[in-house]
1. Using a Gaussian network model of the chain whose springs link C-alpha atoms within less than 10 Å, name the residue from Leu21, Leu268, Leu198 with the highest mean-square fluctuation.
2. Long-range amide H contacts for Gly202: which residues qualify at under 5 Å (H placed 1.01 Å from N, peptide plane, sequence gap of 5 or more or a different chain)?
3. What FRET efficiency, computed as 1/(1 + (r/R0)^6) with R0 = 51 Å and r the Cβ-Cβ distance, is obtained for Arg211 and Tyr6, rounded to the nearest 0.05?
4. Rank-order 53-66, 174-187 by packing density, defined as the average count of other C-beta atoms within 10 Å over each peptide's residues, highest first.
5. Computed from the mean reciprocal separation of all distinct C-alpha pairs, what Kirkwood hydrodynamic radius does the stretch 157-274 have, in Å?
6. Take the Cα atoms of the stretch 2-286, build their convex hull, and give its volume per residue in Å³.
7. For the chain, what is the calculated [θ] at 222 nm in deg cm²/dmol (nearest 500), taking -39500 (n - 2.57) for each run of four or more DSSP H residues and dividing by its residue count?
8. If the elastic network links every pair of Cα atoms under 10 Å, which of Phe261, Phe158, Phe13 fluctuates the most in the Gaussian network model of the chain?
Amino acid sequence: MISAFYLALASSFIMSASTILEKKTLKQEHAAAYSASFSLVVALISLALIFFAKFNIDIIELAIIYIISLISTTTYLLTARVLKHGNISIATPILSSLPMVFLVIISFLFLGEVLTPLQYLLIAILIVSGYLMIFGKDTGKNGFEKSKYAYMLIATCFLMAVGGVAMKYLFLQGVNLIEYFIIAMLFISLNYMVFMSLKYGGIKEIFSNLRKYKLQIITIGGLTVSYRVLYYLSVYLTFISLVAPIRNSVYVMITTLAGGFLFKESGLPRKIILAGIMLVCLYYLSI
């Protein structure tokens with residue numbers, strides 16, 4: 001459990017840096033073009049791990065990986081749109097807390113994962129703390145929560161939970177996490193190429209966008225591969241319903257506070273207090 005905790009913690013720090021850089025980059029880019037270029041870079045970087053993969057999977061497992069890739073393709077695009085048009089201090093807590101509600105329920109129903117009453121209580125406190133970051137009196141009446149992006153957030157959170165449980169199921173079936181990661185990233189990149197060809201300028205637009213923003217996208221891609229591999233390793237070692245709250249809660253604290261300062265968003269004193277509460281919960285959740 002201790003090793004899984006540290007892996008999840010490292011994943012959260014790298015994920016925070018990636019999200020803040022992504023928010024800054026999306027101020028200049030189209031969400032779809034960015035997501036497609038980003039997925040291509042991540043797929044290429046993931047090929048560096050090919051020597052650690054076994055590639056011993058059957059057709060059913062391959063089909064499940066492709067379904068997960070479709071879910072991930074959708075969540076990438078929705079998340080990019082939310083980050084581009086909304087406040088990072090609002091989007092981040094929702095994206096990190098609401099999936100836990102869905103994930104714990106789905107894990108209990110389909111994977112048989114059962115935590116202790118104290119662990120469920122701590123997860124509930126983490127979720128409530130995340131919501132208080134959003135719905136406090138100093139959040140502001142900017143219409144973000146009532147817009148179409150609120151529905152995008154809810155849909156994204158549910159899809160993230162479904163994808164997470166499906167991934168854990170594959171690991172329980174003995175699928176190697178490196179081969180899963182490589183195949184999933186290649187599928188996601190392929191999905192985006194098809195999507196861009198059907199709706200936008202196709203592969204030419206992907207490469208044009210990549211040439212223009214190559215430094216930012218390659219950096220974010222490298223950070224993304226790092227935090228995902230660390231997270232998959234932590235899930236491989238223990239319950240996803242225990243690891244995911246740890247990773248996501250630390251990510252919320254860092255991204256909300258650092259992102260709030262960088263992008264001059266409101267409500268930071270209240271968020272610092274809530275972050276302290278979440279840290280205490282994380283400590284007792286990990287021991």
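A short reminder: the numbers here are calculations on the coordinates, not readings from a lab. All of these numbers come straight from a predicted model, not from anything done at the bench. As a convention, Cβ positions derive from the backbone with ideal geometry for all residues, glycine included, and neighbour counts pool all protein chains shown.
1. Maximum among the listed residues: Leu198.
2. Hits under the 5 Å cutoff: Ser197.
3. Numbers: r = 38 Å, r/R0 = 0.74.
For Arg211 and Tyr6, the calculated efficiency is 0.85.
4. Numbers: 53-66: 13.6, 174-187: 20.1.
In descending order of packing, they fall as 174-187, 53-66.
5. Every distinct Cα pair counted, the radius reaches 17.1 Å.
6. On the way: hull volume 34.6 nm³, N = 285.
Enclosed volume per residue, from the Cα hull, is 122 Å³.
7. On the way: 11 runs with 230 residues, N = 287.
The per-residue figure over the chain is -28000 deg cm²/dmol.
8. Greatest mean-square fluctuation among the candidates belongs to Phe261.
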